[in-house]
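Here the structure comes first, spelled out in structure tokens, and everything after it is commentary.
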Amino acid sequence: MPDAASESPTLQLAQALIARRSVTPADAGCCELIGERLAVLGFSLEWMNREGVTNLWATHGSGAPLFVLAGHTDVVPPGPMDAWQSDPFAPEIRDGVLYGRGAADMKSGIAAMICAVERLLAGGPHAGTLAFLITSDEEGAALHGTRHVAEVLRGRGIRPDYAIVGEASSHARLGDRIVVGRRGSLGCDLRVLGKQGHVAYPHKADNPIHRLVPALAELVATEWDGGNTHFPPTSFQISNLRAGTGANNVIPGEADMVFNFRYSTESTADSLKARVTAVLDRWLPAYQARWWHTGEPFLTRQAGLIAAAKNAIADETGIAEPELFTGGGTSDARFIAPLGAEVVEIGPINDSIHKINEHVLVADLDRLSRIYEGTLRRLLK
Ligand SMILES: [Zn+2]
């Protein structure tokens, strides 16, 4: 029986990438391998490494349109190794399924993109510019990866027209879902300041827990917006709540709360901050709020890239109307979209990402690669 790996360059490359132990923010030689493949094709490579993060920007051709293929080589930690059926960094195929950390998120996507471009260029010249933006800082802080490269591109006046991020977007079948937008993400570390004292002498203390509770109740009960046809309503969630000294007879001096918004395009970070601040000011005599804004929402509405991707998916899978999805967490698309690009995320089935025994269907690798190739062909004719 022929060895499956020898038949599929995408599978071979996916395996080679999974075997590199690139736990975020390590790249572990993935970008070097990617760069070698792209250099052979005539891409110009530019390394934008920063703060221990590996960033590769590689371009081929010139002029418009500029089509960016984007991805990350870093993976989340494997968790308890003995819970895995096979070594997460020794890719293994069992029953037509490829197992390994990064198999779905998102080394298969990168491998499929590179093989798609290899076939495209073998077919002759293309219009415009083809680019790869690959980073090793997506799963971690995401401060020095795509965000940094996007800042450099902005400084040079480079505006991508189209971008595909190869994140695992599919739900039950390859191509059944395209991510066309993401909610924004805004969070806050709140410290409520009171005055510590003995529970027997409350008039000499100021209990920050008692101060916080009505504010918290109001925040939890607030309807921030109703969402719209593309986004669910903005959600407010408290992720941490801490107060108390451990002693049962001490009123604590402070209470800490961490909360997070995932917000729709009906709200903005500034509008949410202002509304929260109004509630806090009403209930809390003294507090400190440290806000962190980790992503603007984005939404691709234009027909160009979405139409091309839908046609390529229909050709390969027969799925005529993939769901245009805006749920889920954040991705590096949030840094690319503000440059003015139409951005979508297309990748393998996402049900095993970040889990033990992460995997991808071997049969989906070449199909995904042909979806990328078909999309590129339609827009770079
Ligand atoms: Zn990912």
>> Here is a list: Ala243, Ala255, Ala274. Which entry is at pLDDT 95 or above and either over 30 Å from Val199 (Cβ atoms) or surrounded by fewer than 14 Cβ atoms within 10 Å (Cβ to Cβ) (or both)?
In response: Ala274
>> From the list Arg334, Arg367, exactly one residue is within 16 Å of the ligand (Cβ to nearest atom), of a type in the set (Lys, Arg) and either at pLDDT 95 or above or in contact with a helix residue (DSSP H, G or I) (Cβ under 9 Å, 6 or more places away or on another chain) (or both). Which is it?
In response: Arg334
> Taking Ala217, is it part of a loop (DSSP other than H, G, I, E, B) and more than 30 Å from Glu321 (Cα to Cα)?
Replying inline: no
> In this structure, does Glu321 turn out to be under 18 Å from Val344 (Cα atoms), touching a helix residue (DSSP H, G or I) at 6+ places or on another chain (Cβ under 6 Å) and among the charged types (D, E, K, R)?
Replying inline: no
> Name the residues in segment 118-144 that are out of contact with any helix residue (DSSP H, G or I) (no Cβ under 6 Å at 6 or more places or on another chain), surrounded by fewer than 24 Cβ atoms within 10 Å (Cβ to Cβ) and aliphatic (A, V, I, L, M), would you?
Replying inline: Leu121, Ala122, Ala127, Leu130, Ala131, Ala141, Leu143
> Taking Ile306, is it more than 16 Å from the ligand (Cβ to nearest atom), closer than 30 Å to Arg367 by Cβ and of a type in the set (Val, Ile, Thr)?
Replying inline: yes
> Among the listed residues Glu296, Glu358, Glu345, which satisfies the condition of being of a type in the set (D, E, K, R) and more than 16 Å from the ligand (Cβ to nearest atom)?
Replying inline: Glu296
> Just a yes or no: is a residue in segment 102-111 hydroxyl-bearing (Ser, Thr, Tyr), more than 16 Å from the ligand (Cβ to nearest atom) and at pLDDT 95 or above?
Replying inline: no
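This table checks each residue for (1) under 21 Å from Thr330 (Cβ atoms); (2) touching a residue at least 24 places away in the same chain (Cβ under 8 Å); (3) of a type in the set (Lys, Arg).
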{"position": "Ala39", "(1), (2), (3)": "no, no, no"}
{"position": "Asn55", "(1), (2), (3)": "yes, yes, no"}
{"position": "His60", "(1), (2), (3)": "no, yes, no"}
{"position": "Gly63", "(1), (2), (3)": "no, yes, no"}
{"position": "Gly79", "(1), (2), (3)": "no, yes, no"}
{"position": "Ala83", "(1), (2), (3)": "no, yes, no"}
{"position": "Ser108", "(1), (2), (3)": "yes, yes, no"}
{"position": "Met113", "(1), (2), (3)": "yes, yes, no"}
>> For segment 38-61, give me each residue that is within 23 Å of Ala112 (Cα to Cα) and exposed (fewer than 15 other Cβ atoms within 10 Å of the Cβ).
In response: Ala39, Val40, Gly42, Ser44, Glu46, Trp47
> So which residues in segment 46-99 are more than 22 Å from the chain's Cα centre (by Cα) and within 19 Å of His148 (Cα to Cα)?
Replying inline: Glu46, Thr59
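The values are calculated or read from the model by the stated rules, or taken from the named source; none is laboratory data. Everything numeric here is computed off the predicted structure, so don't read it as measured data. As a convention, Cβ positions derive from the backbone with ideal geometry for all residues, glycine included, and neighbour counts pool all protein chains shown.
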